[in-house]
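The values are calculated or read from the model by the stated rules, or taken from the named source; none is laboratory data. None of these values were measured; they are calculated from a predicted model. Cβ placement follows ideal geometry from the backbone for every residue including glycine, while neighbour counts extend to all protein chains displayed. Heads up: the accessible areas ignore ligands, DNA and RNA and are worked out on the full protein's heavy atoms, side chains in. Shrake-Rupley method; radii C 1.70, N 1.55, O 1.52, S 1.80 Å.
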Amino acid sequence: MKGIEDIPDCRPGRHARLGRRCFIGGALSLLSLPALAAAATNPLEKPVLRFGLTPVFLSNDLEVLDELKNYLANATGHEVQLVTQRTYQEVTALLVAGNLEAAWICGYPYRKFQDELALVATPSWRGQPLYQSYLIVGADRGASSLDDCRGDIHAFSDPDSNSGYLVTKAYLAQRHRSEDTFFRKTFFTYGHRNVIRAVAAGLANSGSVDGYVWEVMKSIEPDLVSRTKVLVKSDWYGFPPIAAPARLKGTAAFERLRSAFLGMVSDPVGRSLLGRLQLDGFVDAPPSTFDGIAANIELVRRLG
């Protein structure tokens with residue numbers, strides 16, 4: 001799980017966006033949209049299981065990706081294709097359209113499309129299926145609260161990220177402010193690791209990041225993360241879950257996939273994968289686990 005995303009130059013604009021190379025550098029066979037559309041005409045009980053990944057956790061560590069692919073193939077009896085896209089929105093769109101059998105997504109798009117998606121399993125981290133959003137700044141900065149970040153250049157992760165965008169928008173909504181009026185400039189990095197890198201390198205004064213990712217990177221890239229510090233920790237929110245199209249719920253393929261994740265901790269390959277991801281395992285968390293995210297969506301809608 002070493003560094004996944006390079007930080008190219010920012011493009012100009014109020015929300016300048018950092019481009020990012022595909023985090024597995026072409027090592028996987030990625031499906032094009034036309035190919036996915038064609039595949040969607042096959043029966044649901046197809047031998048190929050298309051599993052979507054966002055750049056939340058996984059890296060270009062090919063051993064991690066190989067373990068995930070091999071574990072899912074062995075546990076479900078399906079051939080597995082790992083499908084990645086640059087943004088959360090692209091992965092969620094493929095999932096909702098039925099062009100993926102399942103995907104590891106964020107709780108924010110899960111709640112936005114809850115009627116069209118079914119929970120497969122939710123990771124457990126440090127004993128619970130929850131995580132926090134961190135607002136980070138440079139390690140030497142004297143800031144003590146969010147209000148000290150007024151006028152910053154601020155790095156967000158993704159527009160559909162709870163921890164990397166929505167939580168900070170909710171903070172600002174409570175102050176009857178938006179990111180455009182509170183910060184001097186904002187941009188999206190399209191990766192939580194890139195938020196950390198942007199703040200550590202001084203490309204951003206502050207950033208919104210997944211607390212799980214920050215903590216994992218603290219253990220594997222301590223020199224980088226030590227150049228940042230956590231200014232604000234959010235409440236606890238439902239950990240980014242594995243989800244499938246709702247119409248697949250109850251099918252044999254859905255149940256095999258669900259059993260594969262829930263049983264990962266009991267399998268040697270599964271335990272190795274969990275160790276690499278620094279997760280306890282996967283649990284059957286109820287949809288209410290994500291009510292806090294829904295509350296932030298509503299708060300931003302009303303006040304943002």
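Does L95 qualify as being open to solvent by less than 40 Å² (accessible area, probe 1.4 Å), hydrophobic (A, V, I, L, M, F, W, C), touching a helix residue (DSSP H, G or I) at 6+ places or on another chain (Cβ under 6 Å) and more than 18 Å from V283 (Cα to Cα)? Judged against the criteria, L95 is not a match. Restricted to segment 99-117, and to residues there that are buried (at least 20 other Cβ atoms within 10 Å of the Cβ) and more than 15 Å from the chain's Cα centre (by Cα), the residue that is farthest from R271 (Cα to Cα) is N99. K218 meets all of the listed conditions (1) within 15 Å of the chain's Cα centre (by Cα); (2) closer than 21 Å to G127 by Cβ but one, namely (1). If you go through segment 236-247 one residue at a time, do you hit one that is open to solvent by less than 60 Å² (accessible area, probe 1.4 Å), among the aliphatic types (A, V, I, L, M) and at pLDDT below 95? No, segment 236-247 has no match at all. Looking at segment 150-172, can you tell me whether even one residue there is touching a residue at least 24 places away in the same chain (Cβ under 8 Å), in a strand (DSSP E or B) and hydroxyl-bearing (S, T, Y)? Checked segment 150-172: no residue is touching a residue at least 24 places away in the same chain (Cβ under 8 Å), in a strand (DSSP E or B) and hydroxyl-bearing (S, T, Y). Please go through segment 147-167 and give me each residue that is crowded, with 20+ Cβ neighbours inside 10 Å and within 16 Å of the chain's Cα centre (by Cα), ordered by number. Within segment 147-167, A155, F156, S157, D158, D160, S161, N162, S163, G164, Y165, L166, V167 qualify. Every test in (1) surrounded by 21 or more Cβ atoms within 10 Å (Cβ to Cβ); (2) out of contact with any His (no Cβ under 7 Å at 6 or more places or on another chain) is passed by V232 save one, and that test is (1).
S124 meets the conditions (1) surrounded by 23 or more Cβ atoms within 10 Å (Cβ to Cβ); (2) under 30 Å from D284 (Cβ atoms) in every case but one. The failed one is (1). Residues in segment 58-78: is at least one open to solvent by less than 50 Å² (accessible area, probe 1.4 Å) and within 15 Å of the chain's Cα centre (by Cα)? Within segment 58-78, one or more residues are open to solvent by less than 50 Å² (accessible area, probe 1.4 Å) and within 15 Å of the chain's Cα centre (by Cα).
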